[in-house]
1. When the residues of segment 138-171 are filtered to those that are without any contact (Cβ under 8 Å) to a residue 60 or more places away in the chain and surrounded by fewer than 14 Cβ atoms within 10 Å (Cβ to Cβ), which remaining residue is farthest from ARG121 (Cα to Cα)?
2. With a cut-off of at least 1 residues that are at pLDDT 90 or above and out of contact with any Phe, Trp or Tyr (no Cβ under 7 Å at 6 or more places or on another chain), name the strands (runs of 3 or more DSSP E) lying wholly within segment 369-476.
3. One residue is enough: does segment 494-517 have a residue meeting the conditions in contact with a Gly (Cβ under 7 Å, 6 or more places away or on another chain), farther than 18 Å from LEU568 by Cα and touching a residue at least 12 places away in the same chain (Cβ under 8 Å)?
4. Does GLY181 meet the test of being in the same structural domain as THR299 (by TED's automatic domain parsing) and under 25 Å from VAL120 (Cβ atoms)?
5. Of the conditions (1) more than 30 Å from VAL41 (Cβ to Cβ); (2) loosely packed, with under 13 Cβ neighbours inside 10 Å; (3) modelled with pLDDT of 90 or more, ASN185 satisfies every one except a single condition; which number is it?
6. Is there a residue in segment 573-585 that is touching a residue at least 12 places away in the same chain (Cβ under 8 Å) and among the aliphatic types (A, V, I, L, M)?
7. Cβ contacts < 7 Å: first residue without any contact (Cβ under 8 Å) to a residue 24 or more places away in the chain and surrounded by 10 or more Cβ atoms within 10 Å (Cβ to Cβ), restricted to segment 103-117; second residue assigned to a loop (DSSP other than H, G, I, E, B) and of a type in the set (A, V, I, L, M), any location; separation 6+ or different chain. Result?
8. From ARG210, ARG259, grab the single residue that is buried (at least 19 other Cβ atoms within 10 Å of the Cβ) and among the charged types (D, E, K, R).
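The values are calculated or read from the model by the stated rules, or taken from the named source; none is laboratory data. This structure is a prediction, so every number in the text was calculated from the model and none was measured. Here the Cβ positions follow ideal geometry from the backbone for every residue, glycine too, while neighbour counts run over all protein chains shown.
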Amino acid sequence: MTSRLLLVSLLAQQLCWTTAAEQRFAEVPAQYQEVSQGEDVKLRCLVQDKRGQCIWQKDRKPVGVHPDKYEWAGGRDGDCSLLVKRASLEFDDGLWECQVTPGDFTRQDALTSPPARLLVRVKPRKPQLEYAGTELTTGLTLREGQEATISCVSRYGNPPALIKWFIGAEEVQPMREQTNGTEVNNPKTWAAHSMLRVRGNRDNHNKPIRCLTMHPTSALPEVAESKFDIHYSPEVKLETSPRMLVSALEDSASFVSLRCISDSNPAASIKWFKDSSPIMVSSGNVMPIGYNRTLPNNTIVESEVRFEPIKREDAGLYSCRAVNVIGESAPANYRLDVQYGPKPRSLSDSDIQQHEPTVDVVEKTTSLASSIEPFECPEFDANPAAQYRWLHQRGGNTDTIDNRANSQSPNGGRRLRLENVGWADEGEYRCVAYNVINGVRREMPSDLRFVLHVIGPPEIQARPSAETEDGMYESIGWAGEPVHRLKSRFCSRPPPRIVAWQWGSSHIRAGESVSPKYEALPLEPIIENKMVTNCYWAKLEIRDLQREDARLYTLVVESEKGQDSTNLRLIVRDPTELRIIAAAGAVGLLVLLLLFSVGIYSLVRSRRKHREYRHEEEEEGSISAEAYYGATPPRNGTANQTPGNQNTATIDRNGQLKAGLEHQHPQQQQQQQQQHHQHHQQHQQQQQQQQQHPQQQYQHQLHQNSLKQGMMTGSGGYGRKPPSGVEGGLAVMYDYDQIACKSRTAMSPEALKVRRAPAVLQPPTIV
């Protein structure tokens with residue numbers, strides 16, 4: 001029975017083993033894992049229906065379980081995970097496999113996971129830049145346009161570092177992708193290589209070249225850095241100070257400087273030229289100053305030429321060049337245009353030998369009605385080019401000749417042109433050279449004087465001042481005049497042969513006389529500007545002028561070229577006419593003065609009456625001083641009486657007090673009269689002050705009204721006690737409404753308030 005039960009148990013167990021599922025991986029190790037050196041890492045491996053034993057292999061070699069190094073990470077059945085502590089590159093970096101032995105020797109259900117890569121991270125060394133096989137410790141020196149290849153190497157890192165390139169702040173691409181290779185002496189670490197192709201460009205001078213390595217072991221990249229040192233030839237530019245020349249440069253008035261700026265590596269030396277000739281340091285006020293300016297790249301050199309102030313001889317084309325070991329720059333040019341007013345152009349020695357000696361006066365002669373260009377102004381040196389105008393001086397007057405038609409010509413109006421020459425064109429001429437600088441006209445007259453003489457028949461120019469409708473010229477004289485002179489101006493070249501005055505059947509030549517009445521004075525040559533002209537004054541004197549001398553006189557001038565004549569009508573007037581006109585004028589002037597005086601007097605009087613009228617109206621609307629101190633009647637209408645005599649008082653239209661003083665004591669009457677006289681004087685002084693200061697008058701009236709309002713006690717109040725010795729007071733009646741109605745002018749609101757103030761009862765004040 002027992003054996004039979006044992007057999008059944010074995011059969012049942014065999015049946016369970018036969019029907020049970022095979023073991024398999026529920027989770028295999030990750031295909032790739034990284035861990036930093038010295039850190040712990042867990043290699044996961046889970047087995048479902050596990051019946052065998054867990055085994056780990058590294059690089060196809062079994063790994064045993066060792067405390068504090070390799071330990072089982074799982075505590076439950078089917079968990080074959082391995083915990084690797086303090087991972088190291090030497091022992092733990094490699095391919096790991098999770099294996100499970102068969103559950104029974106009869107079963108072939110052993111398990112092996114795919115190889116899992118465990119990478120132990122190792123921080124690479126600091127990268128370095130290499131050029132031509134050697135480490136680049138200093139700047140990379142290149143000539144402008146030269147090309148070079150530099151490399152960046154990151155060594156002994158696991159995994160290999162990622163390399164990036166930067167020039168300045170800009171990322172640049174390498175020649176090709178970086179290459180990674182294991183180190184010969186440490187195959188588990190890597191060396192990363194990257195190459196960059198660069199070209200010498202002056203814009204990159206002093207810019208940094210950076211190689212950045214990115215690695216998982218560090219949050220910040222490692223940097224290897226160098227700097228470009230580009231050698232290039234100078235390049236210059238010219239600037240002015242001030243930078244913007246808003247106005248033209250003027251001789252001896254403007255300050256300016258030229259600054260030459262050179263950019264080169266190595267630094268260059270600067271040379272200055274004016275009109276292709278070198279500028280010497282000792283040349284006048286030109287002061288070259290060279291200095292280095294501190295800039296980030298230290299390649300800027302400046303040199304300055306100052307003009308303090310600039311002179312006309314400083315004008316020209318300025319240029320600067322810079323030279324260094326690489327080469328020479330192209331010149332930078334700037335033309336200085338210095339403007340100056342006209343100045344006589346000086347003649348050279350050869351010009352002096354060819355020209356005649358300098359004279360102050362140039363004389364020319366021409367015929368009447370001709371068109372000529374007699375004079376040419378000396379040339380003036382000016383910038384802008386000078387223009388010319390001509391001045392004609394004749395008879396003390398100076399006229400400007402409009403020579404603009406010739407100003408368009410190349411000579412700018414230097415040559416004077418006269419059309420249809422007449423005697424009026426004779427005289428002295430001067431030319432004036434001018435130009436405009438910064439809106440200001442600069443002028444200079446020529447020292448040379450030009451005199452034009454005209455040849456032609458006589459021409460009478462100066463006529464009497466009045467011309468009648470019939471073409472006659474009149475001269476007005478007064479009967480009884482001792483000497484009356486007729487005169488006329490004429491011009492003639494050659495000089496006249498005959499100059500005669502004719503009237504009626506009489507005639508007289510210049511220099512002759514008909515005694516004692518007529519005398520033709522000798523011809524008087526006319527001198528203008530200290531020079532004798534071809535013009536003369538012809539004069540006829542008539543003595544003891546009478547009415548019968550009024551007639552027509554004719555002046556005849558004759559020369560070998562021809563003759564000319566003119567008629568003069570002499571009008572003789574009676575002097576009494578002048579006296580009558582003068583008397584009438586004097587009477588009219590007196591009448592005007594009288595009317596003016598009457599008008600002023602009327603105006604002053606009306607203003608004075610207006611002031612007096614206003615003053616009377618102000619008095620009608622005022623309250624007299626006695627009204628404040630007089631006794632008021634009682635409410636029942638009976639007057640207050642004292643045991644003595646009864647006194648009554650009233651106020652008239654002008655506000656003055658009328659009291660029955662016949663029963664008062666003589667001493668009391670005298671005191672009241674003195675007080676009244678003092679009050680009257682004060683009132684007159686106030687009127688004078690009010691006339692001088694109307695504004696103060698108005699303010700004073702307001703003040704008095706306020707005082708009155710405070711002192712009045714109303715219709716039923718008590719008055720001031722009369723002085724001692726007076727048996728009865730003054731019964732005063734004051735009607736406010738009557739005063740307001742009688743006033744001819746409008747009353748101010750303040751005055752109405754005072755006059756219509758309510759009565760306030762208060763005991764009398766005992767003084």
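1. GLY145
2. The qualifying strands (runs of 3 or more DSSP E) are 380-383, 387-394, 427-437, 440-445, 449-462.
3. Among the residues of segment 494-517, not one is in contact with a Gly (Cβ under 7 Å, 6 or more places away or on another chain), farther than 18 Å from LEU568 by Cα and touching a residue at least 12 places away in the same chain (Cβ under 8 Å), which makes the answer no.
4. When the stated conditions are applied, GLY181 passes them.
5. (1) is the only condition that ASN185 fails.
6. Yes, segment 573-585 contains at least one residue that is touching a residue at least 12 places away in the same chain (Cβ under 8 Å) and among the aliphatic types (A, V, I, L, M).
7. That search, which allows pairs on different chains as well, returns nothing.
8. Going through ARG210, ARG259 in turn, just one is buried (at least 19 other Cβ atoms within 10 Å of the Cβ) and among the charged types (D, E, K, R): ARG210.
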